[in-house]
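Accompanying notes for the structure given below.
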């Protein structure tokens with residue numbers, strides 16, 4: 001099956017666009033001096049999940065134990081583990097779920113619904129020697145997980161019953177990504193593990209469909225390669241691809257690649273963190289043409305900055321600057337987007353006059369107006 005794709009460029013108008021509030025501080029994480037959290041809480045490795053019942057983050061406490069925190073807007077701890085890690089939470093059908101894992105196995109999964117927390121031990125998911133991860137909810141009450149053994153497969157779990165969903169002779173299956181409809185996408189690599197191996201992007205919406213192929217997989221493809229950080233909804237799949245001109249962030253829909261921004265033309269670079277697409281609103285991060293860390297939002301062909309390195313944010317400590325002496329530690333993880341388009345993001349906050357004086361990492365909200 002050959003994949004023919006067209007690259008369509010949009011004109012970026014800044015005049016017709018939903019406005020956003022200035023960044024509002026939800027929480028500030030610091031070792032001792034904190035706001036709406038607890039001493040020593042750190043959540044920088046987790047994407048904020050903007051769910052109907054609050055903002056959820058996988059965090060660590062001052063003792064190094066894993067916690068699953070919720071902000072509504074007050075801070076609370078929903079679950080804690082002193083021996084394992086918590087995954088990034090996801091939402092499907094108003095149920096927020098996450099799982100507990102360590103280096104050798106998945107341990108427990110959690111579901112939070114109607115202010116009640118349920119948890120269940122996981123067992124018999126596959127051979128003990130296999131790497132098992134990505135325990136994610138999909139349609140009809142099933143969970144999918146990745147089994148990285150000799151076969152490379154995706155399995156289904158429901159009520160302790162395990163069945164095979166996808167298995168072939170792949171060299172590698174990248175982690176799946178789910179959406180609000182209970183569908184998922186994943187990148188498959190075949191023949192060998194090097195970067196010039198054939199890659200394709202596959203959608204499961206009840207059946208498997210090939211959405212995108214790179215040039216190693218289809219010589220007629222305009223795409224030389226594509227990243228495995230992506231997001232998708234009914235408006236398409238957002239991801240970064242490389243064509244003959246370089247890297248470009250696109251939305252793939254109905255066989256066409258709609259260009260959002262191109263590196264070197266619209267932006268300086270695109271960070272290796274997943275873009276977030278929800279109800280047609282795309283949020284992504286990278287460097288602008290001046291080399292500053294920047295968070296953008298894109299909707300209906302319109303592009304707007306939400307946050308730029310050097311911006312001033314009002315906090316519980318007064319004005320603070322989004323900055324740090326190490327640029328790699330200015331922004332943290334990916335953004336979260338609510339159903340109505342509000343955006344949540346974590347960034348370093350420093351003394352307004354000194355980027356070496358860290359006030360903490362701020363969980364910021366940009367409300368769609």
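Annotations
- Hits in the stretch 94-111 (condition: surrounded by fewer than 17 Cβ atoms within 10 Å (Cβ to Cβ), in a loop (DSSP other than H, G, I, E, B) and touching a strand residue (DSSP E or B) at 6+ places or on another chain (Cβ under 8 Å)): 94, 102
- Among the residues of the stretch 142-197, those that are in contact (Cβ under 8 Å) with a residue 60 or more places away in the chain and out of contact with any helix residue (DSSP H, G or I) (no Cβ under 6 Å at 6 or more places or on another chain) comprise 177, 178, 180.
- In the stretch 198-239, the residues that are outside any strand (DSSP E or B), modelled with pLDDT under 95 and crowded, with 17+ Cβ neighbours inside 10 Å: 235
- Selection count where residues are crowded, with 23+ Cβ neighbours inside 10 Å and either at positive phi or not in a strand (DSSP E or B) (or both), scope the stretch 44-89: 4
- Lone qualifier among 233, 205, 200, 218 - being within 16 Å of the chain's Cα centre (by Cα) and touching a residue at least 12 places away in the same chain (Cβ under 8 Å): 233
- The test for being under 22 Å from the mean Cα position of the chain (by Cα) and free of Cβ contacts under 8 Å to residues at least 40 places away in the same chain does not hold for residue 76.
- Hey, residue 314 over 25 Å from residue 265 (Cα atoms), surrounded by fewer than 18 Cβ atoms within 10 Å (Cβ to Cβ), modelled with pLDDT of 95 or more and out of contact with any helix residue (DSSP H, G or I) (no Cβ under 7 Å at 6 or more places or on another chain) or not: yes
- The residues in the stretch 286-305 that are assigned to a strand (DSSP E or B), more than 17 Å from residue 361 (Cβ to Cβ) and touching a strand residue (DSSP E or B) at 6+ places or on another chain (Cβ under 7 Å) can be counted, and the count is 10.
The values are calculated or read from the model by the stated rules, or taken from the named source; none is laboratory data. Bear in mind the structure is a predicted one, so any value in this text is a computation, not a measurement. All Cβ positions, glycine included, derive from the backbone under ideal geometry; neighbour counts span all protein chains shown.
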